[in-house]
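Step one of this worksheet: look at the structure below.
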C-alpha cells in the first residue's frame, strides 16, 4: 500500500512538472533526469523550481535505484546553456549535515547529487539567473519522506 501511494504521488508530481512546458521557440534542455543520474535510476518524485513570483525555471527530481541509492538532479528550464548558480541537494540525516550530499556551481544544464540513502531523505534544488550568490533564484524543497 505504501509503495502504491508513493507511485501515485510520483506520477502526479511528474505529470504536474511535465505540463509546465517551455514557451514555443524557447531552448530545451538536452538532458533528462534519468540520463544524468545513470543506469537503473527512475524518477520517484519531482518539484518545479519556482521564483517568489511563481516563474518556473527548472525541475528538481528525486530518482531511486535498487539497493537504497538516490539521485537528485536539478534540470534547468531557463538560462539553458548559460552558466548560472545551480544546486541539487540530497539530505540524508536531519541531525548530521556531514552526511548530506550537494552539488552547487555555475552550471549550464543541471546539478546532480547522488548517494546511498537507506533511511528518510529530503531533496532540494535551485536555478539562479546569475553566477554565484548574486541575482534571483527559483527553488524547490521537499519535506522528509521516503522512509523504510
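The values are calculated or read from the model by the stated rules, or taken from the named source; none is laboratory data. Not measured: the values here are computed from a predicted model. Every residue, glycine as well, gets a Cβ built from its backbone with ideal geometry; the counts of neighbours run over all protein chains shown.
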Qualifying residue in region 137-146 (condition: modelled with pLDDT of 90 or more, surrounded by fewer than 15 Cβ atoms within 10 Å (Cβ to Cβ), out of contact with any strand residue (DSSP E or B) (no Cβ under 6 Å at 6 or more places or on another chain) and closer than 21 Å to residue 34 by Cα): yes
Every residue from region 14-50 that is surrounded by 12 or more Cβ atoms within 10 Å (Cβ to Cβ), over 22 Å from residue 107 (Cβ atoms) and modelled with pLDDT under 90: 14, 16
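Results for (1) touching a strand residue (DSSP E or B) at 6+ places or on another chain (Cβ under 8 Å); (2) under 20 Å from residue 129 (Cα atoms); (3) at pLDDT 95 or above, shown as yes or no for each residue.
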| position | (1), (2), (3) |
| --- | --- |
| 4 | no, no, no |
| 56 | yes, yes, yes |
| 68 | yes, no, no |
| 99 | no, no, no |
Matching residues in region 110-128 - criterion: being touching a strand residue (DSSP E or B) at 6+ places or on another chain (Cβ under 6 Å) and either outside any strand (DSSP E or B) or without any contact (Cβ under 8 Å) to a residue 12 or more places away in the chain (or both): 117
Residue within region 74-87 that is over 25 Å from residue 39 (Cα atoms), in contact with a strand residue (DSSP E or B) (Cβ under 7 Å, 6 or more places away or on another chain), in contact (Cβ under 8 Å) with a residue 60 or more places away in the chain and surrounded by 19 or more Cβ atoms within 10 Å (Cβ to Cβ) present: yes
